[in-house]
Amino acid sequence: MQTIGKAQVIAQAWEDSLLGRIPKDKKDYPEWYKNRLELCKKCPKNSSNIAFFKLPAKVILQRLMGRQACSLCGCFIKEKAWMKTEVCPLKFVEGEKAKWNAMEVITADHNDFNIECPNDAFDIGLTDDESEFYLNVFDQKIGDKIEIVLFITHKDGFHVKEHHLGCGCMGDVSYNKHPDNENRTIFRMTLDTSKYTEGHFEKHLSLMGYTKDDPERNFKHFPLRIIGEAYK
Ligand code: SF4
């Protein structure tokens, strides 16, 4: 399993933009996109919020073009924020927390899965060894129930047959076909934090199923690690 290359992601961002997939009218922007743009607008790392003589070289051109860019990564904010696979680069700065998170993972291997989380408060990605997807639900008050919804897509369709939960705090599991995309499964579950202790938690979930083009019905495995921090 591997993530799509950075260059491809950026090319896709431009393609999305050039093809006009970013709505022309701001009133048609989806909430998650408006939220990202708003966070970037107020951010001190936004090139528009930095005095010209203090601008890093990588965003001077963007400023001269009259465009907002992130001074950490150099990307145009309008295009970067449109990509659900992107994450605010403060995530990679020691001691800092990303202002907005990745909502989608696209894997380059066609045998693998793409996964999208519609909740933009969570962060989604691949573990460092690329053996599992992870979902970071960040800080959670002990006693709360966390609703998790994921869209899991496989190019050949993925029929979930079984699930294995790491422990008893995971429940209310359901999976249904997406009404507009037969290759997409809507997965829902609840995480009950009432028995958690303070600090870091990790929960493992495995979905088992087969793809519709496989006459042998060999089970495929979709692994997910849910991580977060519990507090009182
Ligand atoms: S991407 Fe993150 S660091 Fe860059 S301008 Fe936006 S909020 Fe700030």
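Computed quantities for the displayed model
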read-out	value
Within the chain, helix-based [θ] at 222 nm, where runs of 4 or more DSSP H residues each add -39,500 (n - 2.57), nearest 500	-4500 deg cm²/dmol
In degrees, nearest ten, helix 31-42 long axis to first principal axis of the chain (Cα)	40 degrees
Table column - 3J(HN,Hα) (Hz), segment 91-96, Karplus curve with 6.51, -1.76, 1.60, x for Gly and Pro	3, 9, 9, 4, x, 10
The chain pair-distance distribution - Cα-Cα, 10 Å bins, rounded %	7, 28, 33, 22, 9, 2, 0
Extension gain from residue 64 to residue 165, taking 0.36 nm per residue of separation minus the Cα-Cα distance	31.1 nm
Chain lengthening between residue 41 and residue 208 when straightened (0.36 nm per residue, less Cα-Cα)	55.9 nm
Vicinal HN-Hα couplings computed from phi for segment 220-232 (Karplus, 6.51 cos²θ - 1.76 cosθ + 1.60; Hz; Gly/Pro x)	9, 10, 10, x, 9, 10, 9, 10, x, 10, 9, 9, 8
C-alpha long axis of helix 6-18 to longest principal axis of the chain, angle in °	70 degrees
For segment 98-232: span of alpha carbons on each principal axis (Å, largest first)	50, 31, 30
Relative contact order [Cα under 8 Å, 6+ residues apart], the chain, whole percent	16 percent
Residues in segment 156-193 that a label on residue 142 would reach, taking backbone N under 15 Å of a point 7 Å out along Cα→Cβ	192-193
Pairs beyond 19 Å (Cα-Cα), from 24/97; 141/195; 145/232; 145/195	24/97
Computed over segment 123-232: relative contact order in percent, which uses C-alpha pairs under 8 Å that are six or more apart	36 percent
Cβ charges +1 (Lys, Arg) and -1 (Asp, Glu), total dipole of the chain, debye	1200 debye
Sorted by Cβ neighbour density within 10 Å, fewest at the top, the residues 146, 77	146, 77
Backbone HN-Hα couplings from phi across segment 51-62 [Karplus 6.51/-1.76/1.60, Hz, Gly and Pro as x]	4, 4, 6, 9, 5, x, 3, 5, 10, 5, 4, 4
GNM result for the chain, Cα springs below 10 Å: residue of 61, 207, 90 fluctuating most strongly	61
Between segment 19-86 and segment 197-232, the Cα center-to-center distance that results, in Å	34 Å
Taking segment 151-206 and dividing mean pair separation by its residue count, relative contact order in percent (alpha carbons under 8 Å, at least six apart)	42 percent
Kirkwood hydrodynamic radius of segment 181-232, Cα pairs, Å	13.8 Å
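Each reported figure results from applying straightforward, stated rules to the coordinates on display, with no laboratory input. This is a predicted model, so every value here is computed, not measured. We place every Cβ from the backbone using ideal geometry, glycine too, and count neighbours over all the protein chains shown.
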